[in-house]
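Working notes, beginning with the structure itself.
The values are calculated or read from the model by the stated rules, or taken from the named source; none is laboratory data. Predicted model, so just to flag it, every value in this text is computed and none were measured. Protein only, heavy atoms only, side chains kept; ligands, DNA and RNA dropped before computing areas. Shrake-Rupley method; radii C 1.70, N 1.55, O 1.52, S 1.80 Å.
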Amino acid sequence: MRSVPPPSTRPASAVQAALVLQICAVTALTVFEQARGERLAQEIAALGGDPRAPGAQALVGPVTVFAVLVILVAVTTAAAGAAHLVWLARARRYAAETAGAPSRPSSGAPGSRPSAAPVLAAWFTPGLNLVAPPVLVDRLWRASRTPADHRASWLALLAAWWLSWLAALALLLRLFLSPAPGVTDLTGIGPVELAVVTVSALLCGATVRRITRIQTESVLHRVRTAADPVGSEVQGLAYQGF
């Protein structure tokens, strides 16, 4: 039997850290929008696009702060997405390695490792990326040898995460695509958008933690089974995957 060590927690930790930074960045932008956005938008509109108009210099500071906050939101969102893709690809590879551990020798053959192409296609193919990512994550859950009696709670978590993600996407697209009758704010981001983005990020982090924990416990369970098959079978009855 080939020994497979527990999975590295660094990719999962990177996802968690990136999501926390994303929430902080969106919160800061929302606070700025609520406190200064409407007045700043009106002041910018009053300049008529002339940077040399009277009062333009007084707006350099607030505009710079706004620009920095927007950049931070974009960077942290991209970082969270990249970290999640890396974690998902590595978790799928680990699930494939542990699934083959009892029967395949450690040959190192490239064909034994799943490609990252399905992960990229699931997230970046238009239309497909509305349904494929949760399906891919669910397949990873099943490949991680989890107890079947916990599938209901897993599906509830997975559905809540993906629906909140779609809701956040819809709200942000509405802000950018819907015509604005007048200049009332800078981005339109408010408490509702912040709440939905925060919930989506927290649920995403929960799915990552759950699969990482399950993969770790699955390895430890197989080690106990190999050492004491009878005792491990009894302990397995009380196994909790979440």
When all protein chains stay in place, what accessible area (Å², nearest 10, 1.4 Å probe) is found for LEU72? 80 Å²
Full-extension gain between LEU120 and VAL68, please, as 0.36 nm times their residue separation minus the C-alpha to C-alpha distance. 15.8 nm
Roughly how much of GLU217 is accessible, in Å² to the nearest 10, using a 1.4 Å probe? 40 Å²
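How many percent of the accessible area of the stretch 1-100 is carbon or sulfur, using a 1.4 Å probe?
Looking at the stretch 1-100 in its full context, I get 67 percent from C and S.
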